[in-house]
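So the structure is just underneath, and the comments pick up after that.
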Amino acid sequence: MVHDESANLQIVTPYDSMIPAVEERSARFYLDAIRIYLGICSGTVTIENATKAVSLLKTNPEFAKNPFDPTVLPLSEAVKNRLIDNLKTLTKYNLHTLDSIKSAYTFAFLQDDCPIQQADLRILHYMSRNPLASLATASRELGNASKTISKSLQKLVERNGIRFSCLVDTSAFGADSYILFFRLNNREDRDRIEQGLAEFPFTKTILTTAMSEFGYAALLFPSTQEGHRVLRDSVRKLTGPLFRSTTLHEQKALGASANLSFYDGMKWAYPENLSEKLKDTAVSINSSQVPLLRCRGRAKGLMKTDFAIAAQLKLSSRDPPSLLAHRLRLKGFDVESRQVSESLQKMKEMGLILPYLLLGGMGLSANFCFEILCRPEVGDRILAAVGDTPQSTYYVSSKGIIIWINVPSVNQVEYYQAFRALEQTDGVTAVNPIMTITRVGSRSMLDLTRNWSFGPRGWSVDPDRLDLTQYLE
Amino acid sequence: MIAPNSHQADIAKELGITRSSVNQVWRRLERDCGLTVRSAIDYGKLGLQLVFGWAIDREPSDSLNKIETWLRSTPFVSLTLPSIISSVMDSRVYFEAVVPVGADLTRFCDQLERFTKMPYSLTVEYDIAEMISDHMNLGPFDGSDWNVQNDFRFHASIDAVKSYTDILPAVGMLRLSHAAQASNEQLVLALCIESDHNVTSSKVLEVLESLEKQGLRAPPCRSLRRHMAKFRGRAASPFVEIEDIGLEQRVIVCVSEKGENRTASRLLHAQADTFPKVHMVAGRRNTVLDLWLPPSVEWATLTASLVQIAGPFTEVSTFMTNKQGKRKALERVVPYALKKATQKQS
């Protein structure tokens, strides 16, 4: 009997007859996500109804493993056509397995390369350095009409799938970010571990692949000494029996950057001196050289609404306050544009937000994550060099640095070898790489904090809930 | 597409064109793209066995360099391919060796085992080949570009075939027989047929005569023709080889199966002819696909599709290599065997 979210989804699309009926709830998650996306694309579903449908979709346990939210993905005719093609293929081969249905969804979002005209590239270049610049400022500095810039950005979103996002210093709200990087004892345990981590209420992102025994889980939880102790103890208990090795990275700083210097609108050039820069012991950086958000710990004067606004801003950092307020009201927050505007200003002044440009459809099909265990000064050197890659996100802890890079497949070997070779340099203990074909999504800050309490000292929960062994033993 | 068994006259008849036109195109392809019809050989009939496998270390290391150097210097190693990136993010060296059975084979395997121990401590997976095959599929090639499926359809087709592996036929594979004794003349004949399936008897005779100093006797021409026809029929399987057609990316797919039913091997064999160019080797536990692909094929996406085959008893990994090294199976081992035979006689 179907008694879960699928039965309650009020979504109708012109493609419903192509969507196979399956029993498995986790497989239905991807079919429902496809239905919502196709509904939005074809105009049969309003964004309000889609948002309600997604909140139902989030109750499916599969969401924690692969937090795809079709309402925040850029609408694209090419993606829509690929989804329809993939549904036809599922029907043709009579494929109803979880793996094939999940792949039908993920393969459709693998971006096609789409060349960029020089005029658009100039605007994109500017926006990569000034992601929050208003159209008026951009118009003044670039010498283009603001309408031209607006049209160009719209084209880049539709054709190339670029997005504007931001990183948030959650420690200011009393929520700490950790990454548990692990190596599996036995690859056969992968599904069980992924399931356990998905059920752990503080998991933001999980990455495990069939290709590698390395994986990680990004966690977000209320900052208390007792909570930290419970989590550390439980990870220690699991290391050995379940994981061959683990490293728990406490986030000290984070950053992201898009670098278009090596892109000519068609192809990417490889930064020839990347290896030398990574090894250059003379390099030292300061925060102005690399976009970096340092975690400063609890800050005064922040409210739950500020947290919600920051969470919404992550989905689309160039949205105007009125749109952010509208989207938050759909999620049950009683906020007005003026409040959003003031909150954004406050958070910017406090240095809690780092906006960045997320590139897409520009031939960056190779994705790597490297956990680099190293001394802090080596981490600084790596940060100085990582900005030369086309797209990078980085996470600094006291144990080292974790970086994610998106690079063109034609140079994937050079990038991989340059970072991997760090293992041979002084001050680096280990470099643990993972390769993926898609960027992994992340559960939104609002979803994670739904059952937490917010008080004068920020977020709090019962520290015993951070015992990971309850989910993985 | 050229059927490897067809002579130029057969091709002309099939296409309804003159033989001289076929010959003209053929010559041009030979000149510009190195077109040849080579043979996969049943090494067992020559007293040889094909050993294939891969050595693994966590990262590029001295131990891996040492095994690679040793493999390259060993006379019966026909192919050595180091990885530049692997799906497991480790470093590997793939090898194939055609080894005379007996003391040479024992010594070779012992040496491989030595690399698993201190101070090298490498993981070495190796197996004796039971089947080999070569496929070339020019269907997706329009003369300048390849249109190779590397999307959800390819992914789905693997998933779809998964359920039917036990009934998939193993056609097009050359089964390697248990090692039997062979004369030096047979070795030379096999060497000639391996590099050119349609080699003429006069050319083989020329080679045999040039080796008379090493004690080889060229049989009468008629007998030689009979021997060649018999060998082609029993121990050689032709395949087309063509170069410089944009297959610049080389990927090795390594499969280890601990179970009994060889599902992955059958499935890969069923999918093999969907790739532009592939050499496949299958042993009792391990299977390897040596793929030549156009640069448009995303290695990571292809790997994600192939690792679907992995299961509780099956490990699947892939790696890229930047070496274009050709297999020199009998080319390496036959001179060694002849030299050894001469030393024995003297």
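The values are calculated or read from the model by the stated rules, or taken from the named source; none is laboratory data. All figures in this text were calculated on a predicted structure; none of them were measured in a lab. All Cβ positions, even for glycine, are placed from backbone atoms using ideal geometry, and neighbour counts span all protein chains on display.
The table below lists the values:
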quantity: Residues that are acidic (D, E), surrounded by fewer than 17 Cβ atoms within 10 Å (Cβ to Cβ) and modelled with pLDDT of 90 or more, drawn from segment A:189-221; calculated: A:E199
quantity: Qualifying positions in segment A:9-50 - free of Cβ contacts under 8 Å to residues at least 60 places away in the same chain, surrounded by fewer than 22 Cβ atoms within 10 Å (Cβ to Cβ) and of a type in the set (S, T, Y); calculated: A:T13, A:S17, A:S42, A:T44, A:T46
quantity: Residue in segment B:37-49 that is in a helix (DSSP H, G or I) and out of contact with any helix residue (DSSP H, G or I) (no Cβ under 9 Å at 6 or more places or on another chain) present; calculated: no
quantity: Qualifying residue in segment B:315-324 (condition: over 20 Å from the mean Cα position of the chain (by Cα), at the interface with chain A (Cβ under 10 Å from one of its Cβ atoms) and touching a residue at least 24 places away in the same chain (Cβ under 8 Å)); calculated: yes
quantity: Qualifying residue in segment B:330-337 (condition: part of a strand (DSSP E or B), within 14 Å of the chain's Cα centre (by Cα), surrounded by 15 or more Cβ atoms within 10 Å (Cβ to Cβ) and not basic (K, R)); calculated: no
quantity: Restricting segment B:237-273 to residues that are among the basic types (K, R) and either assigned to a helix (DSSP H, G or I) or touching a Phe, Trp or Tyr at 6+ places or on another chain (Cβ under 6 Å) (or both), the residue that is farthest from B:W292 (Cα to Cα); calculated: B:K258
quantity: Selection count, segment B:184-198, where residues are among the small types (G, A, S) and farther than 16 Å from B:V98 by Cα; calculated: 0
quantity: Helices (runs of 4 or more DSSP H) within segment B:150-211 that include 1 or more residues within 14 Å of another protein chain (Cβ to nearest Cβ) and of a type in the set (S, T, N, Q); calculated: B:152-162
quantity: Failed condition for A:D319, given (1) in contact (Cβ under 8 Å) with a residue 12 or more places away in the chain; (2) crowded, with 16+ Cβ neighbours inside 10 Å; (3) not basic (K, R); calculated: (1)
quantity: Subset of segment B:68-111 [within 14 Å of chain A (Cβ to nearest Cβ), not hydrophobic (A, V, I, L, M, F, W, C) and not in a strand (DSSP E or B)]; calculated: B:S83, B:S87, B:D90
quantity: Residue in segment B:181-195 that is loosely packed, with under 13 Cβ neighbours inside 10 Å and either among the charged types (D, E, K, R) or within 23 Å of the chain's Cα centre (by Cα) (or both) present; calculated: yes
quantity: Lone unmet requirement of (1) assigned to a helix (DSSP H, G or I); (2) among the acidic types (D, E); (3) surrounded by 18 or more Cβ atoms within 10 Å (Cβ to Cβ) for A:D176; calculated: (1)
quantity: Identity of the residue in segment B:296-314, farther than 29 Å from B:I245 by Cβ and more than 8 Å from chain A (Cβ to nearest Cβ), that ends up modelled with the highest pLDDT; calculated: B:T314
quantity: Filter result (outside any helix (DSSP H, G or I), among the aliphatic types (A, V, I, L, M) and under 21 Å from the mean Cα position of the chain (by Cα)) within segment A:426-445; calculated: A:I434, A:M435, A:I437, A:V440
quantity: Options B:T106, B:T116; residue that is in contact with a strand residue (DSSP E or B) (Cβ under 6 Å, 6 or more places away or on another chain) and free of Cβ contacts under 8 Å to residues at least 12 places away in the same chain; calculated: B:T116
quantity: Only one of A:E377, A:E423 that is surrounded by fewer than 22 Cβ atoms within 10 Å (Cβ to Cβ), part of a helix (DSSP H, G or I) and away from chain B (no Cβ under 14 Å); calculated: A:E377
quantity: Criterion: assigned to a helix (DSSP H, G or I), among the charged types (D, E, K, R), under 19 Å from A:R465 (Cβ atoms) and in contact (Cβ under 8 Å) with a residue 40 or more places away in the chain - qualifying residue of A:E194, A:E226; calculated: A:E226
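To keep it simple, each residue is scored yes or no on (1) buried (at least 18 other Cβ atoms within 10 Å of the Cβ); (2) under 30 Å from A:W452 (Cα atoms).
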{"position": "A:S223", "(1), (2)": "yes, yes"}
{"position": "A:R232", "(1), (2)": "no, yes"}
{"position": "A:S261", "(1), (2)": "no, no"}
{"position": "A:P271", "(1), (2)": "yes, no"}
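A quick yes/no check of all residues on (1) in contact (Cβ under 8 Å) with a residue 60 or more places away in the chain; (2) within 14 Å of chain B (Cβ to nearest Cβ); (3) in a helix (DSSP H, G or I):
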residue	(1), (2), (3)
A:V396	yes, no, no
A:Q412	no, yes, yes
A:Y415	yes, yes, yes
A:F419	yes, yes, yes
